[in-house]
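Q: Just dropping this structure here.
The values are calculated or read from the model by the stated rules, or taken from the named source; none is laboratory data. For clarity, every value in this text was computed on a predicted model and none was experimentally measured. Here the Cβ positions follow ideal geometry from the backbone for every residue, glycine too, while neighbour counts run over all protein chains shown. What goes into the accessible areas is simple: the full protein's heavy atoms, side chains included, and nothing from ligands, DNA or RNA. Shrake-Rupley method; radii C 1.70, N 1.55, O 1.52, S 1.80 Å.
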Amino acid sequence: FPGVDAGLLDYLPPRALCLLDDPDQVTAAAVRAREEAVAADARWAAAGVAVPPASARLTPWETLRAALDSRVQVALSPFPLPEGLAGGAIPCATEPIPAYQGRLQAYVEDVTRWLREGFAVTLVARSDAQARRLQEILREHALGAVLGVASGPERPLAVAVGEVSRGFRFPAVKALLVTEGELFGTRRLPPPRKPARPGTTLQALEAMAPGDLVVHMDHGIARYRGLERLAVAERDGDYLILEYANGDRLYVPVEKMGLVQRYLGAEARPPALDRLGGSAWARAKARVKASVRALAKELVQLYAARQVLPGHPFSPDAPWQREFEASLPYEETQDQLHAIRAVKADMERPRPMDRLICGDVGYGKTEVAMRAAFKAAMDGKQVAVLVPTTVLAMQHVASFGERFAPFPLRVEMLSRFRSRREQQAVLQGLRDGTVDIVIGTHRLLQRDVRFRDLGLLVVDEEQRFGVAAKERLKQLRREVDVLTLTATPIPRTLHMAMLGVRDVSTIETPPEDRLAIRTFICRFDPAVIREAVERELARGGQVFFVHNRVESIHSMGRYLKRLLPHVRIAIAHGQQSEAALERVMVDFYARKHELLLCTTIIESGLDIPTANTIIVNRADRFGLAQLYQLRGRVGRDRHRAHAYLLIPREEALTEVARRRLQVLVEFTELGSGFKIAARDLEIRGAGNLLGAEQHGHIAAVGFDLYCRLTQEAVQELKGEPVESPVDPAVRLPAEALLPDVYVDDPGLRLALYKRLAAAEGEEALEELAVELRDRFGPPPPEATWLLRGMALRLVARRLRAVEVDLRSPTVRVRLDRRPGVDGAAAAALLRESAGRLRYGPQDTLTWHSGEEDSERRAAAVKNLLRRLAAP
């Protein structure tokens, strides 16, 4: 019982009921935990390492047991006691429910019989949405079910919302509960309790630290030197310090920090700083703008071509689609649902789909692909799923086969895991249409693969395929719907997503109870390897050991066997025979081996929930995205996972390798894939992002501004209106900042200022205000005025107001040359104001508010701007 003190029970009310689930098992678990802690203490002592004893952090079970004995207890036991010894035991005899495994007709027949026998039948769903879905499925099978709990003749069949581990029949009270586990063969898990905090998406790639290079939209490339408190016009405020060439400095108020972005270049070497007030920056922007217009024309032609190409409009969801979706053993996250809706909408349009699903490892991209595949197959079309490795193909076949088993669909695999005869049988099935879904590697792109009626192509991790494969994919994109899945977007993909010239959906909400992976960079040390492996095995897990050299992998295996003689070790690499590799992977999945010594063959998509420690040898030789993918092979269950990146004992690391490893340690939180993709762009350059001729343009202005300029050019060529954003200056009658006494860390203050500046609506601002109160306490007046000012800026931006000055009762609002004013509302306000509101020269509104109280004046001005702004 780590961290549980007997005194913890003192927090419970005196008559609180303590429930012990199988006391014998609880006692055994406590004894095992104690023994493991004592063994760990002995290992550290033998190694001569002084660490606080693990056993001292555990409360003895006897201590807790004694404290429990003084309280009211109920013990649960799965075994009945003999009648003479039963004492205070209460028998609750129940009977198990048969497993239907998706056979709904058999369930309907049983329910009909139970109802005739007088049972009240309740089907337990895990959410309101799932309850309504199951109610609809029952209705399609001529069974009317009410929402709630079944009770008596009036409500004999119902669908209730709750969490029950297993269904049962309770004859004594004529009640019967059926869970989704019995109905679909898997138990649904509850949804994540907290949504992911906004800010981990593509827009949150610009975190700045002192010393970083930044780009000011108007003044060019500078070096960020930190945050400083300055008194301007007798009022204190926080300012970003930007250092330019010759030591010149620019002080940017935090409310204008939207003009400053972190510099991401296309070259490994840093650019020169611009001169403050010089003309070089304006010339560079103009040169890049002219260049990107030609590039944008090419992009628009490439990605708009599919808008006019004829495609197959898939039918709306059929009843079987709802049954298939209801069988998912997890609750979908909101991001997953958004992605699924977007994919279905694309498929139902009469043009080929080309959508990219970006989501971190283990965030549920495969489920989106499964639903799209099912929808296509239900419409009589064939589906091809293209994966980069044979191991991943094998796993996908297993997961697809399990989900599709209750339905009349044939799922096959085409890869080198199949014999020539088996491959020929699959190829024949694709030609005559008897194979509905095929999962394969590059083998799917060869000339002898012909489909009878291919409707959907799913590509998993497209960046892992070579040039020839991508050319073949480009050809297929013009003919069929294409869905691409990626965990760490390559720079080109990231660029396309930012530009908005490719359809993209992001999944950034982690599954429930998912924990961030602890990442350690260590010199190669047998003591570290032994401790990491034994700690994982002690909690019943498995270990990946990645050694990416086939010629020396067996000698590494012998070394590990000497180091860990009691550990069952298996070896897997791509040069093994198909049968041998398949047998090793299946045996490891079945837990016949405890440590898998392997190459990067496990890199993509492999999902083994019990493997929660990975050790990567010579981590300095891997690319950043590759390391991130390898780390993602662990931590896919509810246990804390560990990643050990081993580097040579003596050898000095290259600068690039050092920066890569540093990024992996820096970005350990959930959902770091997008941030890592952007940092990878910075470290290794943009490569052939859009052709060599664009390389210098990206370096000249930075990746972010380059994307913005290209996006504007794309919008112009599409005929969409391009309006430069307005950044209003709001003059407040009081200081507006986060005081040092409220948030003392400058880096944290900067991060909060960035989030406030990036808030896109009043609801987001309100959430931030709640967070500030929760983390730092009631906000002081300066922080309250900062929030008021940010809310006013949001409304002023909609109005395209350049300046709002409410320092005196006479409020001035200066508008842009193309203001976003609602003409009818403005006319009505001018009539109602009785001369207090006037429209003057230079697009200036003057309003005599009459409010001496500055807080009431701010609220009144916000209401006025809201009424004036065009909807």
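Q: Could you tell me whether segment 192-211 includes any residue that is under 31 Å from the mean Cα position of the chain (by Cα), open to solvent by less than 60 Å² (accessible area, probe 1.4 Å) and at pLDDT 80 or above? Steps first, answer last, please.
A: Step one: list which residues in segment 192-211 are under 31 Å from the mean Cα position of the chain (by Cα), which gives 192-211.
Those still in the list that are open to solvent by less than 60 Å² (accessible area, probe 1.4 Å) too: 192, 196, 199-202, 204-206, 208-209, 211.
In the following step, the residues that additionally are at pLDDT 80 or above were identified as 211.
Yes, that holds for at least one residue.
Q: Quick check on segment 729-757: of everything there that is in contact with a Leu (Cβ under 8 Å, 6 or more places away or on another chain) and assigned to a loop (DSSP other than H, G, I, E, B), which residue is farthest from residue 853 (Cα to Cα)?
A: So the residue we want is 743.
Q: Within segment 419-456, count every residue that is among the hydrophobic types (A, V, I, L, M, F, W, C), over 25 Å from residue 346 (Cβ atoms) and either in contact (Cβ under 8 Å) with a residue 12 or more places away in the chain or buried (at least 18 other Cβ atoms within 10 Å of the Cβ) (or both).
A: The number of residues fulfilling the criteria is 2.
Q: Would you pick out the residues in segment 260-274 that are surrounded by fewer than 16 Cβ atoms within 10 Å (Cβ to Cβ) and either modelled with pLDDT of 80 or more or closer than 30 Å to residue 782 by Cβ (or both)? Give the derivation first.
A: Here is the first cut: in segment 260-274, the ones surrounded by fewer than 16 Cβ atoms within 10 Å (Cβ to Cβ) are 267-270, 272.
Of everything in segment 260-274, just one residue is surrounded by fewer than 16 Cβ atoms within 10 Å (Cβ to Cβ) and either modelled with pLDDT of 80 or more or closer than 30 Å to residue 782 by Cβ (or both), namely 272.
Q: So, residue 684, is that one at pLDDT below 75, under 27 Å from residue 213 (Cα atoms) and either among the β-branched types (Val, Ile, Thr) or buried (at least 19 other Cβ atoms within 10 Å of the Cβ) (or both) or not?
A: Values: at pLDDT below 75: yes; under 27 Å from residue 213 (Cα atoms): yes; either among the β-branched types (Val, Ile, Thr) or buried (at least 19 other Cβ atoms within 10 Å of the Cβ) (or both): no.
Here the answer is no, as residue 684 does not meet what is asked.
Q: Yes or no: residue 395 more than 17 Å from residue 586 (Cβ to Cβ), surrounded by fewer than 23 Cβ atoms within 10 Å (Cβ to Cβ) and among the polar types (S, T, N, Q)? If you could, list the steps in order and put the result at the bottom.
A: On the way: more than 17 Å from residue 586 (Cβ to Cβ): no; surrounded by fewer than 23 Cβ atoms within 10 Å (Cβ to Cβ): yes; among the polar types (S, T, N, Q): yes.
So residue 395 fails the test.
Q: What pairs come out if I take residues in segment 327-339 that are more than 9 Å from residue 507 (Cβ to Cβ) and pair them with residues that are in a helix (DSSP H, G or I) whose C-beta lies under 6 Å away, six or more apart or interchain?
A: 327/184
Q: If you don't mind, another one. Inside segment 782-871, counting only strands (runs of 3 or more DSSP E) that do not spill past its ends, which hold 1 or more residues that are closer than 14 Å to residue 732 by Cβ and not acidic (Asp, Glu)?
A: 801-805, 810-815
Q: Which number in (1) in contact with a helix residue (DSSP H, G or I) (Cβ under 8 Å, 6 or more places away or on another chain); (2) open to solvent by 50 Å² or more (accessible area, probe 1.4 Å); (3) modelled with pLDDT of 90 or more marks the one condition that residue 617 misses?
A: Evaluating residue 617 over (1) in contact with a helix residue (DSSP H, G or I) (Cβ under 8 Å, 6 or more places away or on another chain); (2) open to solvent by 50 Å² or more (accessible area, probe 1.4 Å); (3) modelled with pLDDT of 90 or more leaves (2) as the failure.
Q: Let me ask you something else. Using the structure shown, decide if residue 566 is open to solvent by less than 20 Å² (accessible area, probe 1.4 Å) and without any contact (Cβ under 8 Å) to a residue 40 or more places away in the chain.
A: Numbers: open to solvent by less than 20 Å² (accessible area, probe 1.4 Å): no; without any contact (Cβ under 8 Å) to a residue 40 or more places away in the chain: yes.
Spelling it out, it is not the case that residue 566 is open to solvent by less than 20 Å² (accessible area, probe 1.4 Å) and without any contact (Cβ under 8 Å) to a residue 40 or more places away in the chain.
Q: Conditions: (1) under 30 Å from residue 485 (Cβ atoms); (2) at pLDDT below 90; (3) of a type outside the set (Gly, Ala, Ser). Residue 547 meets all but one. Number of the miss?
A: Status for residue 547: all satisfied but (2).
Q: I would also like to ask the following. Cβ contacts < 8 Å: first residue over 27 Å from residue 330 (Cα atoms) and open to solvent by 80 Å² or more (accessible area, probe 1.4 Å), restricted to segment 164-179; second residue part of a strand (DSSP E or B) and modelled with pLDDT of 85 or more, any location; separation 6+ or different chain. Result?
A: Going by the 8 Å Cβ cut-off, the qualifying pairs are 174/120.
Conditions tested, residue by residue: (1) in contact with a Ser or Thr (Cβ under 8 Å, 6 or more places away or on another chain); (2) open to solvent by 30 Å² or more (accessible area, probe 1.4 Å).
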| site | (1), (2) |
| --- | --- |
| 559 | no, yes |
| 572 | yes, no |
| 582 | no, yes |
| 588 | no, no |
| 591 | yes, yes |
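One line per residue, one yes/no per condition, for (1) open to solvent by 10 Å² or more (accessible area, probe 1.4 Å); (2) over 27 Å from residue 179 (Cβ atoms):
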| residue | (1), (2) |
| --- | --- |
| 328 | yes, no |
| 336 | yes, no |
| 350 | yes, yes |
| 364 | yes, no |
| 373 | no, no |
| 378 | yes, no |
| 385 | no, yes |
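Q: Against the definition (modelled with pLDDT of 80 or more, in a loop (DSSP other than H, G, I, E, B) and open to solvent by less than 60 Å² (accessible area, probe 1.4 Å)), how does residue 16 come out, yes or no? So that I can check it myself, show each step before the final result.
A: Details: modelled with pLDDT of 80 or more: yes; in a loop (DSSP other than H, G, I, E, B): yes; open to solvent by less than 60 Å² (accessible area, probe 1.4 Å): yes.
Criteria met by residue 16.
Q: Mind checking which residues of segment 127-143 are in contact with a strand residue (DSSP E or B) (Cβ under 7 Å, 6 or more places away or on another chain) and not hydroxyl-bearing (Ser, Thr, Tyr)? Reasoning before the result, please.
A: Residues of segment 127-143 in contact with a strand residue (DSSP E or B) (Cβ under 7 Å, 6 or more places away or on another chain): 127-128, 131, 134-135, 143.
Residues satisfying the conditions are 128, 131, 134, 135, 143.
Q: Now a separate question. Can you tell me how many residues in segment 248-259 are modelled with pLDDT of 80 or more and open to solvent by 40 Å² or more (accessible area, probe 1.4 Å)?
A: Filtering segment 248-259 for residues modelled with pLDDT of 80 or more gives 248-254, 256, 259.
Then keep just the ones that are open to solvent by 40 Å² or more (accessible area, probe 1.4 Å); that gives 248-249, 251, 256, 259.
Looking only at that region, the number is 5.
Q: Ok, one more. Give me the pairs: first residue in segment 344-360 and within 20 Å of residue 322 (Cβ to Cβ), second residue assigned to a strand (DSSP E or B) and of a type outside the set (Asp, Glu), beta-carbon distance under 8 Å, and six or more apart or on different chains, which are they?
A: Partner pairs satisfying both residue conditions: 346/355; 347/456.
Q: Right, next: Quick check on segment 632-654: of everything there that is at pLDDT 80 or above and out of contact with any helix residue (DSSP H, G or I) (no Cβ under 7 Å at 6 or more places or on another chain), which residue is most open to solvent (accessible area, probe 1.4 Å)?
A: Initial filter on segment 632-654 (at pLDDT 80 or above): 633-634, 640-648.
When the remaining residues are screened for being out of contact with any helix residue (DSSP H, G or I) (no Cβ under 7 Å at 6 or more places or on another chain), the result is 634, 640-641, 648.
Working: 634: 3, 640: 73, 641: 0, 648: 19 Å².
Only one residue fits best here, namely 640.
Q: I'd like to know if segment 511-520 contains one or more residues that are buried (at least 19 other Cβ atoms within 10 Å of the Cβ) and modelled with pLDDT of 75 or more. Let's see the steps before the verdict.
A: Initially, segment 511-520 is screened for residues buried (at least 19 other Cβ atoms within 10 Å of the Cβ), giving 511, 514, 517, 519.
Filter again for modelled with pLDDT of 75 or more, leaving 517, 519.
Checked against the condition, which is being buried (at least 19 other Cβ atoms within 10 Å of the Cβ) and modelled with pLDDT of 75 or more, segment 511-520 yields at least one hit.
Q: Take segment 93-123 and flag every residue that is among the polar types (S, T, N, Q), open to solvent by 20 Å² or more (accessible area, probe 1.4 Å) and not in a loop (DSSP other than H, G, I, E, B). Lay out the reasoning, then the answer.
A: To start, the set of residues in segment 93-123 that are among the polar types (S, T, N, Q) comprises 94, 101, 105, 112, 122.
Adding the requirement that they be open to solvent by 20 Å² or more (accessible area, probe 1.4 Å) leaves 94, 101, 105, 112.
Answer for segment 93-123, where residues must be among the polar types (S, T, N, Q), open to solvent by 20 Å² or more (accessible area, probe 1.4 Å) and not in a loop (DSSP other than H, G, I, E, B): 105, 112.
Q: Under 29 Å from the mean Cα position of the chain (by Cα) and at pLDDT 85 or above, is that true of residue 243? I'd like the intermediate steps shown before the answer.
A: On the way: under 29 Å from the mean Cα position of the chain (by Cα): no; at pLDDT 85 or above: yes.
It is false that residue 243 is under 29 Å from the mean Cα position of the chain (by Cα) and at pLDDT 85 or above.
Q: Suppose the filter is at pLDDT 80 or above and over 30 Å from residue 11 (Cβ atoms); does residue 95 pass it? Please lay out each step first, then the result.
A: Details: at pLDDT 80 or above: yes; over 30 Å from residue 11 (Cβ atoms): yes.
Yes.
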